[in-house]
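These notes concern the structure reproduced below.
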Amino acid sequence: QVRLVESGGGLVQAGGSLRVSCAASGLRRFSNYDMAWFRQAPGKKREFVAHVGWDGSTEYYADPVRTRFVISRDNTNNAAYLQMNSLKPEDTAAYYCAAGLWTSERPDMYAYWGQGTQVIVSS
């Protein structure tokens, strides 16, 4: 059974930093999968945040986070991370990691999802 488990969310003041993690298990080979982070604020659609390729050599980001967030992965430990810096109140959302075989900003292109971790940025 494939499981993606996010952790590291919490409450942070605007301008602060937070790192969320995603631990994967049950995938035949973690390094076969691209990993991505999405987020969903109350009343809004799930939106793409960042993507990292299977070997960590390629990354891309949504425009609102491009200069502030960094995605990374550790294929030895089957984990992915999202370092979030200079956080803003509009970054408040549930953050989800996802695993898939394609490079995409579309949620439906990812086969596996975690349950989400909440990030709240206070002003």
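The values are calculated or read from the model by the stated rules, or taken from the named source; none is laboratory data. Treat the numbers as computed from the prediction; the structure is a model and nothing was measured. Quick reminder, even Gly has a Cβ in these numbers, built from the backbone with ideal geometry, and neighbours come from all protein chains shown. Protein only, heavy atoms only, side chains kept; ligands, DNA and RNA dropped before computing areas. Shrake-Rupley method; radii C 1.70, N 1.55, O 1.52, S 1.80 Å.
Here is how the numbers come out for the structure above:
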| read-out | value |
| --- | --- |
| Qualifying strands (runs of 3 or more DSSP E) (wholly inside the stretch 1-104; at least 2 residues being closer than 17 Å to Val119 by Cα and of a type in the set (Gly, Ala, Ser)) | 93-100 |
| Pairs, first under 17 Å from Lys45 (Cα atoms) in the stretch 100-123, second part of a loop (DSSP other than H, G, I, E, B) and basic (Lys, Arg), C-beta under 7 Å, six or more apart | Pro107/Arg46 |
| Residues that are without any contact (Cβ under 8 Å) to a residue 40 or more places away in the chain and touching a Phe, Trp or Tyr at 6+ places or on another chain (Cβ under 8 Å), drawn from the stretch 48-69 | Ala50, Trp54, Tyr61, Phe69 |
| Given (1) surrounded by fewer than 19 Cβ atoms within 10 Å (Cβ to Cβ); (2) in contact with a helix residue (DSSP H, G or I) (Cβ under 8 Å, 6 or more places away or on another chain); (3) within 18 Å of Gly9 (Cβ to Cβ); (4) not basic (Lys, Arg), index of the condition Trp54 fails | (3) |
| The stretch 64-116: number of residues that are open to solvent by less than 20 Å² (accessible area, probe 1.4 Å), in contact with a Gly (Cβ under 7 Å, 6 or more places away or on another chain) and within 24 Å of Ser17 (Cα to Cα) | 4 |
| Enumeration of residues in the stretch 9-47 that are touching a Phe, Trp or Tyr at 6+ places or on another chain (Cβ under 9 Å), more than 14 Å from Ile71 (Cα to Cα) and of a type in the set (Gly, Ala, Ser) | Gly9, Ala24, Gly26, Ser31 |
| Residue that is farthest from the chain's Cα centre (by Cα) [pool: residues in the stretch 1-49 that are open to solvent by 30 Å² or more (accessible area, probe 1.4 Å) and under 11 Å from Leu82 (Cα atoms)] | Ser17 |
